[in-house]
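Please read the structure below before turning to the comments.
The values are calculated or read from the model by the stated rules, or taken from the named source; none is laboratory data. Here the structure is a predicted model, which is why all the values come from computation and not from measurement. Here the Cβ positions follow ideal geometry from the backbone for every residue, glycine too, while neighbour counts run over all protein chains shown. The accessibility values were calculated without ligands, DNA or RNA, using every heavy atom of the protein model including side chains. Shrake-Rupley method; radii C 1.70, N 1.55, O 1.52, S 1.80 Å.
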Amino acid sequence: MSMTSDLRLAVVGLGYVGLPLAVEFAKKRPVVGFDINERRISELRKGHDVTRELSPQELAEGKLLSFSTKPADIAACNFYIVTVPTPVDDDKQPDLGPCLAASATIGKVLKKGDIVVYESTVYPGATEEDCVPVLEKTSGLKFNQDFFVGYSPERINPGDKDRRVATIKKITSGSTPEIADLVDDLYNEIVTAGTHKAPSIRVAEAAKVIENTQRDLNIAIVNEFALIFSRLGIDTEAVLKAAGTKWNFLPFRPGLVGGHCTGVDPWYLAHKAQSVGYYPEIILAGRRLNDSMGPYVASQAIKAMVKKRIHVVGARVLVMGLAFKENCPDLRNTRIVDFVRELKDFGVNVDVSDPWVAPDDAKREYGIDLIAEPEQNSYDAIIVAVAHDEYRKLGAAGIHAFGRDPHVLYDLKYLLPVEETDLRL
């Protein structure tokens, strides 16, 4: 197989990564979008994307896209792209379950000459060492003889309407030089920003996992700055603005590190490093520090309430935002839940609102009952946890209106002028 025109595509997993990719390809060629979630498929067939990554109009642009939950419907395809989640478990160990399950599903319909490309974030070696054996076992075919694989890591940024599939440079790779060329040619059909063909699958896997590990560490050092400056009574944002006047100072801000990538990928690299006898001290130190920020936020809020002589036990606190980032309904690995739970341990009554998050999702994932509209003049403390546009439009006066007299306003996202807040991260 040497021509991309011969390829019949199936995208397996239609979440934040898979759906935009499937739609982009389906503007040019037939694509079968496969997902095991029947509700998801039903909604997509009706033109509704619950992730809000694509509007009904954008979804309709994939005119050659069909949807299915039946493996038989992807059996006629010969190029499979796997875009399923790769989370960590409760012990912070990589969970390749979705990836391996997708591999088993594809393996049952895999034919000679077929290609499977993985986009899910994994540690170096996972594609060939973990996924390929499943493909071989379920298909009865031989790797790099009967079928081939590739790896092209996703770089989707949920909620970002400027950086999309076509405008983000794509790393590609293949299990043979010929397959690498074919995979690269295929992605070049839709990625206007161009591609970078890595010399091996392991290099492509490693490149992806360090992108977010580096970001995690950059945020960790700024979080540590914030902890230090808090004790020194210095405004962290003012320090960062001053330091930012130097040309090579990186513009990171302190915060809670959640989501499907930055708070997860370092664990994948750390796991693989330890499996070959290396203990990654800096990576894990950054993870520990970033994961400690939730309890820190809760303690700072409690201290601020005590200083205003607000009785903590039984106090009402409003948390504005639950998604892991602004203008996005994605709840994966949100660290806001850390300080919500910590506040409840202090005997505080916590209300959480988020105009982007589906109440059913919040309840199912974290046991949190979202409130529809916060009541005015009702809260002893308000924590702005996510910089949604809706909160930005409220402004300081609108947010303060939710508070009693006195109350504490804690701005985690630098949404408001410093003089309008009691404390910032």
Q.
Could you give the length gained by full extension between E365 and R45, i.e. 0.36 nm per residue of separation minus their alpha carbon distance, to one decimal place?
A. 112.7 nm
**Q.** Exposure of S378 as accessible area (Å², to 10), given a probe of 1.4 Å and all protein chains
**A.** 10
Q) Once fully extended, how much extra length lies between T167 and A72, figured as 0.36 nm per residue of separation less the alpha-carbon to alpha-carbon distance? A) 30.9 nm
Q: At a Cα cut-off below 12 Å, give the aspartates and glutamates reachable from K208, other chains included and same-chain residues fewer than 8 away excluded.
A: E119, E154, D265
**Q.** Rounded accessible area of M320 (nearest 10 Å², 1.4 Å probe)
**A.** 0
Q. Using Cα-only point scatterers and the Debye equation, what is log10 of I(q)/I(0) for segment 125-199 at each q in 0.13 Å⁻¹, rounded to two decimals?
A. -0.46
Q) Using alpha carbon coordinates only, what is the Rg to Rh ratio of the chain, with Rh defined as the Kirkwood radius? A) 1.01
Q: Any aspartates and glutamates with Cα under 14 Å of the K63 Cα? List them, leaving off those in the same chain fewer than 8 positions away.
A: E24
Q: Whole number please: convex hull volume per residue, Cα atoms of segment 177-252, in Å³.
A: 117
Q.
Taking only Cα atoms of segment 1-46, what ratio of Rg to Rh do you get with Rh as the Kirkwood inverse-distance radius?
A. 1.02
Q | Helix 293-307 vs. the chain, principal-axis angle (Cα, 0 to 90°, nearest 10) | A | 10
Q: May I ask for the percentage of alpha-carbon pairs in segment 240-342 that lie more than 23 Å from each other?
A: 47
Q) Loop-only check: which trypsin sites (Lys or Arg not before Pro) in segment 198-288 are DSSP coil with at most 10 other Cβ within 10 angstrom? A) K246
Q | Heavy-atom SASA rank of T138, T245 (probe 1.4 Å, accessible area, largest first) | A | T245, T138
**Q.** Given K92/K363; K111/K161; K28/K70; K112/K197, the pairs whose alpha carbons are separated by over 27 Å
**A.** K111/K161
Q | Surface/4 of the Cα convex hull for segment 41-109, nm² | A | 6.0
Q: Taking the Cα atoms of segment 138-297, report the difference between the largest and smallest coordinate on each principal axis, in whole Å and largest first.
A: 65, 39, 26
Q.
Of I115, V84, Y414, which is farthest towards the positive pole of the chain's charge dipole, taken about the Cα centre with +1 and -1 on the beta-carbons of Lys, Arg and Asp, Glu respectively?
A. Y414
Q: With springs connecting C-alpha atoms under 10 Å apart, model the chain as a Gaussian network and identify which of F67, F79, F249 has the largest mean-square fluctuation.
A: F249
Q: Find the Rg to Rh ratio for segment 1-142, where Rh is the Kirkwood radius over alpha-carbon pairs and Rg uses the same atoms.
A: 0.97
Q. Given q = 0.20, 0.28 Å⁻¹, what are the Debye log10 I(q)/I(0) values for segment 105-145, with equal point scatterers placed on the Cα positions and solvent ignored?
A. -0.58, -1.05
Q. For helix 97-107, what angle does its Cα long axis make with the longest principal axis of the chain, in degrees from 0 to 90 and rounded to 10?
A. 20
Q.
Taking 41 Å as R0, compute the FRET efficiency from the Cβ-Cβ separation of R288 and D181 and round it to 0.05.
A. 0.45
Q: Jot down the per residue volume, in cubic angstrom and as a whole number, of the convex hull over the alpha-carbon atoms of segment 329-422.
A: 100
Q: Round to the nearest 0.05 the FRET efficiency obtained for R341 and Q93 when R0 = 22 Å and r is the Cβ-Cβ distance.
A: 0.50
Q. In deg cm²/dmol, rounded to 500, what helix-only [θ] at 222 nm does the chain give when every DSSP H run of at least 4 residues adds -39500 (n - 2.57) and the total is split over its residues?
A. -11500 deg cm²/dmol
Q) Compactness ratio of segment 3-85: Cα Rg over 2.2 N^0.38 Å, N = residue count? A) 0.98
Q.
Heavy atoms of the protein only, probe of 1.4 Å, neighbouring chains included. What is the accessible area of F346 in Å², nearest 10?
A. 90
Q.
I'd like the distance between the alpha-carbon centres of segment 83-157 and segment 187-249, rounded to an integer number of Å.
A. 28
Q | Rg in Å to one decimal, and Dmax rounded to a whole Å, for segment 269-403 via C-alpha atoms | A | 17.0, 57
